[in-house]
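What follows is calculated from the coordinates using simple rules that are stated; it is not laboratory data. Values in this document were obtained by computation on a predicted structure and should not be read as measured data. Neighbour counts run over all protein chains shown; Cβ positions are idealised from the backbone, glycine included.
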Amino acid sequence: MHLIFSEHLDFSVNRVIDWLSYYNQQYDKYIGHSTVDDHFAFNDKMITMSFGGTDKKESFIVKNDNQEIDFDSIWFRRPSSDISPFLLDFEHKATYPKDFLEYTIQKRIKVFWDFLGYKLKEKLHQGSFNTTGLNKPIVLQEAQNLGLTIPKTLLTNDKEELKKFFEQCNKKIITKSIDGLIPQHKEKITDNNKHLLAYQLTTLIDNIENTPATFAPSLFQECIDKEYEIRTIFLNGTLYSACIFSQLNEQTKIDMRNRDANHPTRYIPYQLDNKIETSIIKLMNTLNLDYGAIDIIKGLDGHYYFLEINPVGQYGDVSLQCNYYLNKKIAEHLINVQP
């Protein structure tokens with residue numbers, strides 16, 4: 001069986017599942033804590049992992065109704081960090097404050113959950129169970145070390161340093177979240193343990209007069225006047241690139257994710273320079289990633305600027321509009337079909 005870690009609304013997963021069905025493969029999809037009956041769940045499974053001793057013998061067993069489940073491959077498409085499948089109701093004896101006891105149990109179970117993901121990676125797999133470990137500034141620094149050009153970048157919480165950077169960049173800079181995802185609470189959500197995850201769009205800054213003297217540590221970059229944008233999908237050592245004409249629409253000019261439903265952005269297949277491709281592959285190997293969606297800008301100055309890597313980024317538009325058939329390639333990797 002092929003196990004897919006995903007989420008409710010990832011349509012690319014469904015296209016891969018179509019290909020698994022075409023090859024007559026059994027699969028199941030885990031989307032975190034769910035009451036939906038047709039999704040794989042861990043809370044009703046018996047899980048045992050053993051290792052160590054002088055013989056160094058290891059075992060990894062997952063049972064359902066006393067029947068052992070054999071996983072042929074794992075796809076960590078968008079793995080959930082939700083540990084609630086293992087949280088059981090317990091009687092509170094008032095030895096510790098209830099909130100503290102719940103927190104302690106959650107921390108302990110997370111160790112088990114993370115080790116489960118670690119062991120599943122020993123199977124034939126795609127992606128990584130730990131997708132939140134990428135540090136954006138470190139990735140930028142590593143990219144520069146490997147020969148890629150990045151925009152001028154500043155991390156600071158000091159308005160005076162920001163003013164200097166603002167002047168150096170001709171009073172035209174952008175800011176984006178240091179982390180890829182930010183929790184966004186809504187009034188209609190009453191459970192403190194629940195939140196929405198939202199992307200922070202890139203924001204253009206052309207005036208900093210009202211900025212406070214100190215603020216939360218933030219990431220700023222020079223605003224690159226772009227000729228076009230490039231999204232490159234790295235999949236198991238191969239790069240698939242698309243040229244995206246996002247600059248032709250004011251709504252997508254600064255951030256292509258700010259989509260205009262009435263004017264779809266044009267994509268065409270694109271071939272990066274060999275030197276840039278080699279540096280990207282070295283970067284992905286350095287970060288120990290077998291998948292990533294990489295954003296690059298071709299500036300009006302002729303330079304290619306590396307922006308970031310999303311280890312669980314979307315590939316559907318690049319695959320569909322450029323006829324790369326990435327869904328088929330992922331499915332064939334999971335079932336170990338040789339191209």
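Could you compute Rg(Cα) / (2.2 N^0.38 Å) for segment 135-182, with N its residue count?
The value comes to 1.26.
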Once Val111 and Asp55 are pulled to full extension, the length gained, defined as 0.36 nm per residue separation minus their Cα-Cα distance, is 17.7 nm
Taking r as the C-beta separation of Met1 and Asn288 and R0 as 35 Å, the FRET efficiency to the nearest 0.05 is 0.85
Placing each pseudo-label 7 Å from Cα in the direction of the beta carbon, Asp18 and Leu320 end up separated by a distance in nanometres of 0.9
Ratio for segment 262-311, C-alpha Rg to 2.2 N^0.38 Å, reads 1.32
If the chain between Asp28 and His8 were fully extended at 0.36 nm per residue, the gain over the current Cα-Cα distance would be 5.9 nm
For the Asn207, Glu142 Cβ pair and Förster radius 35 Å, calculated FRET efficiency rounded to 0.05 is 0.60
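How much length is gained on full extension from Asn336 to Phe71, taking 0.36 nm per residue of separation minus their Cα-Cα distance? Numbers along the way, then the final one.
Numbers: separation 265, 0.36 × 265 = 95.40 nm, distance 1.31 nm.
Between Asn336 and Phe71, full extension yields 94.1 nm more.
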